[in-house]
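Peer 1: Let me give you the structure first, and then I'll get to my questions.
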Amino acid sequence: MSILHAKPLFNPMGDTDKNHRRMIGGNTTNLNDFNNMKYPWVSSWYRQAMNNFWIPEEINLNTDVKDYPLLPQPEREAYDKILSFLVFLDSIQTANLPCIGQYITANEVNLCLTIQGFQEAVHSQSYSYMLDSICSPVERDNILYQWKEDEHLLRRNTFIGDLYNEFQVKKDDVTLLRVMMANYILEGIYFYSGFMFFYNLGRNGKMPGSVQEIRYINRDENTHLWLFRSMIAELKREEPQLFTEENVEMLKAMLMEGVRQEIAWGHYVIGDNVQGLTKDMVTAYIKYLGNLRWMGLGFEAIYEGFTEEPESMAWVNQYSNANMVKTDFFEAKSTAYAKSAAILDDL
Ligand SMILES: [Fe+2]
Ligand SMILES: [Fe+2]
């Protein structure tokens, strides 16, 4: 384990030779030099993230305003709790990304983290816009801060919050790796029973505006997952001493805990009470995602029998398909969906 030092912001003696550039422990000038990038994935990531720009208020929520009070009780409660969790996740992401950036010495990667931070702010704002549209200010505040009172939700937020807080006090490379893994789990596992719930509303013809907001958010989250997967992969190449058997087991245990919590959360908020979803569907889908994410880091599948997307969940992809988002949702769902090829992730 090595201690990390926050990089100086003004550093005229920093390296300009990209061959000397490193993810951590390098000597960066912090200059935004777009023609001198070391990591080949950065320019396509940057372009994709910029092309994904969207504005929450451009999505019409009139139908949602009418639908929301008519949702069956379990569905409305699930909507509220899931939104409360998502608001928390996007807010803590917005706050934490600059803390990670202070220790990343590849400036081109810092550019990506900055764009990601901006997008997380837009995501939290989109939830606010949804709540402002469909419920009263009192109900909105209850939903925003539900994580303070709902014990299950508080436990979940505490797990991720503690991991992020740990890096506030322990500045070393292993703790940085842990906080990066926590990001990867958040982006790749935690959002997904929420997304699945919204897409299920969509296929039942409910809350179309909220569904569309979530589709744009999902498209951004795919790039965030791509970013953190790439950052961890670069660390594996540059800092192989960090990936001891013991540390890999630690990362795997974190992922498995994330999967366990996401399944328990899905059972709690969705259960068997929402039309079109069951506990078994949630379990199978989250285990499949757990395998996908762990294999995405170059390791073997963890959950036997869950390496293929569960057939019962194929519809999730139709909604989250990144290439379909730019098409008008209402017109696209019957025709273009049918001819679109499934895109898993940008991974
Ligand atoms: Fe986000
Ligand atoms: Fe994100």
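Peer 1: How much accessible area per residue does region 106-182 have, counting only protein heavy atoms and a probe of 1.4 Å, in square angstrom?
Peer 2: Per residue, region 106-182 has an accessible area of 40 Å².
Peer 1: Among the listed pairs LYS66/LYS279; LYS18/LYS170; LYS170/LYS252, which are separated by more than 25 Å between their Cα atoms?
Peer 2: From LYS66/LYS279; LYS18/LYS170; LYS170/LYS252, over 25 Å: LYS66/LYS279; LYS18/LYS170.
Peer 1: Tell me, what are the semi-axes, in whole angstrom and largest first, of the equivalent ellipsoid of the chain as set by the roots of 5 times the Cα gyration tensor eigenvalues?
Peer 2: Result for the chain: semi-axes of 34, 22, 20 Å.
Peer 1: Still on this model: How much accessible surface does LEU144 have with a 1.4 Å probe, in Å² rounded to 10?
Peer 2: Counting only protein heavy atoms, LEU144 exposes about 40 Å² to solvent.
Peer 1: What list of ³J(HN,Hα) values in whole Hz, one per residue of region 31-37 in order, does the Karplus curve 6.51 cos²θ - 1.76 cosθ + 1.60 (θ = phi - 60°) give from phi, with Gly and Pro shown as x?
Peer 2: 6, 7, 9, 6, 9, 9, 9
Peer 1: Could you work out [θ]222 nm for the chain from helices alone, using -39500 (n - 2.57) per DSSP H run of at least four and dividing by all its residues? Round to the nearest 500 deg cm²/dmol.
Peer 2: It lands at -20500 deg cm²/dmol.
Peer 1: Counting only residues 5 or more places away or on other chains, whose amide H sits under 5 Å from the amide H of GLY26 once H atoms are built in the peptide plane?
Peer 2: THR105
Peer 1: For ASP172, enumerate residues with amide H under 5 Å from its amide H, sequence gap 5+ or separate chain, H modeled in the peptide plane.
Peer 2: Those qualifying (amide H under 5 Å, at least 5 residues apart or on another chain) are LEU4.
Peer 1: Tell me the carbon and sulfur percent of the accessible area for region 121-267, rounded to whole percent, probe radius 1.4 Å.
Peer 2: The computed percentage sits at 51.
Peer 1: Now a separate question. Take the alpha carbon atoms of region 146-209, find their center, do the same for region 64-104, and report the distance between the two centers in whole angstrom.
Peer 2: Spelled out, the Cα-based centre of one part sits 9 Å from the other.
Peer 1: Could you rank ASP67, ASP17, ASP220, ASP272 by how accessible they are, 1.4 Å probe, largest area first?
Peer 2: Greatest to least solvent exposure: ASP272, ASP17, ASP67, ASP220.
Peer 1: Take each complete run of DSSP H in the chain, measure how far its Cα atoms stretch along the helix's own axis, and keep only those covering 30 Å or more with mean Kyte-Doolittle hydropathy at least -1.0; list them.
Peer 2: Helices meeting the span and hydropathy rule in the chain are 73-101, 107-134, 208-238, 245-269.
Peer 1: Quantify, in whole percent, the carbon and sulfur part of the accessible surface of region 1-58 (1.4 Å probe; protein heavy atoms only).
Peer 2: 54 percent
Peer 1: Here's something else I'd like to know. Evaluate the distance, in nm, between pseudo-label points positioned 7 Å from the Cα of ALA233 and of ASN36 along their respective Cα→Cβ axes.
Peer 2: 2.6 nm
Peer 1: For each pair in LYS7/LYS236; LYS7/LYS38; LYS81/LYS206; LYS171/LYS236; LYS7/LYS148, compute the distance between the two Cα atoms and list the pairs where it is over 24 Å.
Peer 2: As for pairs spanning more than 24 Å Cα to Cα, those are LYS7/LYS148.
Peer 1: May I pose another question? What are the semi-axes of the equivalent ellipsoid for region 157-282, taken as the square roots of 5 times the Cα gyration tensor eigenvalues, largest first, in whole Å?
Peer 2: The equivalent ellipsoid of region 157-282 has semi-axes of 32, 16, 12 Å.
Peer 1: Suppose all protein chains stay in the model; what accessible area per residue would a 1.4 Å probe give for region 29-75, in Å²?
Peer 2: 61 Å²
Peer 1: Run through region 106-154 and list the chymotrypsin sites (Phe, Trp or Tyr not before Pro) located in a DSSP loop whose Cβ has at most 13 other Cβ atoms within 10 Å.
Peer 2: Answer by residue number: TYR145.
The values are calculated or read from the model by the stated rules, or taken from the named source; none is laboratory data. Everything numeric in this text was worked out from a predicted model, so none of it was measured. As a convention, Cβ positions derive from the backbone with ideal geometry for all residues, glycine included, and neighbour counts pool all protein chains shown. Please note that ligands, DNA and RNA were not included when accessible areas were found on the heavy atoms of the full protein model with its side chains. Shrake-Rupley method; radii C 1.70, N 1.55, O 1.52, S 1.80 Å.
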